[in-house]
1. Consider A:Asp121 carefully, then state whether it is away from chain B (no Cβ under 14 Å), outside any strand (DSSP E or B) and either open to solvent by 40 Å² or more (accessible area, probe 1.4 Å) or at pLDDT 95 or above (or both).
2. Could you tell me whether region B:83-101 includes any residue that is surrounded by fewer than 17 Cβ atoms within 10 Å (Cβ to Cβ), among the hydrophobic types (A, V, I, L, M, F, W, C), at pLDDT below 95 and not in a strand (DSSP E or B)?
3. What is the number of the single condition among (1) open to solvent by less than 20 Å² (accessible area, probe 1.4 Å); (2) within 14 Å of another protein chain (Cβ to nearest Cβ); (3) of a type outside the set (Lys, Arg); (4) over 13 Å from the mean Cα position of the chain (by Cα) that B:Trp16 does not meet?
4. Please work out which residue is farthest from the other protein chains (Cβ to nearest Cβ), limiting yourself to region B:30-72 and to residues that are part of a helix (DSSP H, G or I) and open to solvent by 40 Å² or more (accessible area, probe 1.4 Å).
5. For region A:1-50, name all the residues that are of a type outside the set (A, V, I, L, M, F, W, C) and under 19 Å from A:Leu77 (Cβ atoms).
6. Would you confirm, using the coordinates I've provided, whether B:Gly131 is more than 15 Å from B:Lys8 (Cα to Cα) and either surrounded by 13 or more Cβ atoms within 10 Å (Cβ to Cβ) or at pLDDT below 95 (or both)?
Number of protein chains: 2
Amino acid sequence: MGTEIERKFLVAGEGWRSAAGPGLRLRQGYLHAGPPVVRIRQAGDQAFLTVKGPGLLTRAEFEYPIPPADAETMLALLCRQPIIEKTRHRIPQDGLVWEVDEFAGHLAGLVLAEIELPKPDHPFRRPDWLGREVTEDARYQNVALSRAAGPPE
Amino acid sequence: MGTEIERKFLVAGEGWRSAAGPGLRLRQGYLHAGPPVVRIRQAGDQAFLTVKGPGLLTRAEFEYPIPPADAETMLALLCRQPIIEKTRHRIPQDGLVWEVDEFAGHLAGLVLAEIELPKPDHPFRRPDWLGREVTEDARYQNVALSRAAGPPE
């Protein structure tokens, strides 16, 4: 078991693109909206089943690699529709990593940035493309986004 | 993905014990009551996460081994309580296998027998300790049993 400490932000403008890596295509859906959340994710040519306990900033997480063909079947037949499609860009900064998620499909236009911290009060620098924090805004959880008709607001 | 074809029966009397193996202790709980069912199971010193699609007689099933310590944590913290505890006895017969489950805890007194078939109309012999079929009786699904106050009826 790991414990995830993540903070999540809106993204303002395109300034992040110059620092971003090539991006990894993610497709994910939910076997259970939770709690506990049970997520199926395809990430490039890998796939994972993930169980997440309750909580927004800090939560227990269990992740297991699964055959990509299993993920394909579960995303198509057993997960709530529509599934989430997005491209994840990694931006290293001071030993931490920003993950900038550019959404596609029914969430096209939404861009979110997440940073994983070693402890809740760990300091981090805010790049100038960072917008409003939405860590505690349940509308921006992926499981809520999967149910939304479009990007929040 | 596998597809499970299982028929389930009540057990009448103790006649099955003379043919039964030593038994494997199972502890299982549910991250999601379904559909799809998401189950955590400890079986002896192994553990599994299993996803089961809709259906009673025939259902899609995905099963993954997980670390027993993860299962212990998820059974204690993330699964609906109480979890199910039972001992599974295997009784081979004509190339098939009867699995006789002797329940403990809140379901003590309940004994169920299951047989997995290669196809839905595959013939099988009914041993004299076999009782009424409950394949289509949702009360005897494990996920329903986990919620019940005691054995049905």
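1. In short, yes.
2. no
3. The failed condition is (2).
4. Quick first cut of region B:30-72, residues part of a helix (DSSP H, G or I) only: B:68-72.
Restricting the remaining residues to those that are open to solvent by 40 Å² or more (accessible area, probe 1.4 Å) gives B:68-69, B:72.
Details: B:Pro68: 12, B:Ala69: 8, B:Glu72: 10 Å.
Here the answer is B:Pro68.
5. Here is the first cut: in region A:1-50, the ones of a type outside the set (A, V, I, L, M, F, W, C) are A:2-4, A:6-8, A:13-15, A:17-18, A:21-23, A:25, A:27-30, A:32, A:34-36, A:39, A:41-42, A:44-46, A:50.
A:Arg27, A:Gln28, A:Gly29, A:Tyr30, A:His32, A:Arg39, A:Arg41, A:Gln42, A:Thr50 - these are the residues of region A:1-50 that are of a type outside the set (A, V, I, L, M, F, W, C) and under 19 Å from A:Leu77 (Cβ atoms).
6. On the way: more than 15 Å from B:Lys8 (Cα to Cα): no; either surrounded by 13 or more Cβ atoms within 10 Å (Cβ to Cβ) or at pLDDT below 95 (or both): yes.
No; evaluated as a whole, the condition is false for this residue.
The values are calculated or read from the model by the stated rules, or taken from the named source; none is laboratory data. Remember, predicted model here, so these are calculated numbers, not experimental data. Counting neighbours? That spans all protein chains shown, and the Cβs are built from the backbone with ideal geometry, glycine included. What goes into the accessible areas is simple: the full protein's heavy atoms, side chains included, and nothing from ligands, DNA or RNA. Shrake-Rupley method; radii C 1.70, N 1.55, O 1.52, S 1.80 Å.
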